[in-house]
Amino acid sequence: MPTAFPVPAGDPPALTRAHARRLRDAYRSAGWPCQDALEIDLLAAGLLERRRSADGHETLRVTDIGVQWLATVLTRNRAALSAHEALVQRVAQEMARAGRLAWTGLSLRAQVATGEAAKPLRWCVARPDVFSIRHTSVESYVEPVVHEIKVRRSDLLADLRQDAKRGAYRDLGECWYVLGVDGRGRAIAQADEVPAECGVMQLQGDRLAVLRPALRPARAGLPFGVWMALAKATPVASTDDDAQGLLDAD
């Protein structure tokens, strides 16, 4: 279910992200009506108003209350993005501190099942939040791991419906979901809501707790294309490396 945003007092509809997108579109456009359910909700909430020109053409205008609500949504989205990026960096640092090489923002080629006998696999591009491997010179010992970070329940549920995306992560290595907390400090999901083949970590206070380990994939190494992508990218620097640098300076 989509996440409901706060609505001005007294307005009946429960507004969602789809309503926010439509209202932003109306704010940026000439205001031509679509006459659908989203528009009805926004009109009923007082976030849109109808205007008729002298020649009889009807357009829509975002009201002052609508602008205020868009500002509230924008603030919330920025906070969620900041929380997501903070948790991404936290996980990457944990991997680096554990002696692994970790990257963020990678685009990696992976194969996913198609369900078709003639062409059982297809290539796709996976963009994991954090990708890490062991610091080793033996290719079969690298133990690649993907961490997907989620700080909103709606984003998690939408992601879990994408079997191909999860399959791409599993093609690259172990797949873990790292779950944040909501505004009240509550977990956004339980471990049993995540598919059993994926590991689950939960942010609990100032630590990351393992709720369930991930199943290891059959392949231990990495395709040549992934190695090339890693060679062109810079791994995350460990904060411990900075501390060691200060010690060396003395």
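The values are calculated or read from the model by the stated rules, or taken from the named source; none is laboratory data. Being a predicted model, the structure only gives us computed values, none of them experimental. In this analysis, Cβ positions are derived from the backbone assuming ideal geometry, glycine residues included, and neighbour counts consider all displayed protein chains. In case anyone asks, the SASA skips ligands and DNA or RNA and just uses the protein heavy atoms, side chains included. Shrake-Rupley method; radii C 1.70, N 1.55, O 1.52, S 1.80 Å.
Tabulated results
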{"read-out": "Gain on full stretching of the segment that runs from Arg184 to Ala37 - 0.36 nm per residue minus C-alpha separation", "value": "49.8 nm"}
{"read-out": "Rough spin-label spacing in nm, given labels placed 7 Å along Cα→Cβ, for Ala196 and Leu81", "value": "3.9"}
{"read-out": "Gap separating the Cα centres of region 131-165 and region 16-38, nearest whole Å", "value": "35"}
{"read-out": "On Cα atoms only, tilt of 239-249 relative to the major axis of the chain in degrees", "value": "60"}
{"read-out": "Dipole of the chain, positive end: most advanced residue of His84, Tyr141, Gly225 [Cβ charges, Cα centre]", "value": "Gly225"}
{"read-out": "Between helix 64-97 and the chain: long-axis angle, C-alpha atoms, 0 to 90°, nearest 10", "value": "0"}
{"read-out": "Separation in nanometres of the label points that stand 7 Å from Cα toward Cβ, at Trp123 and Gln162", "value": "2.0"}
{"read-out": "Rg over Rh, two decimals, the chain (C-alpha only, Kirkwood Rh)", "value": "1.09"}
{"read-out": "With every protein chain in place, region 109-250: carbon and sulfur % of accessible area (1.4 Å)", "value": "52"}
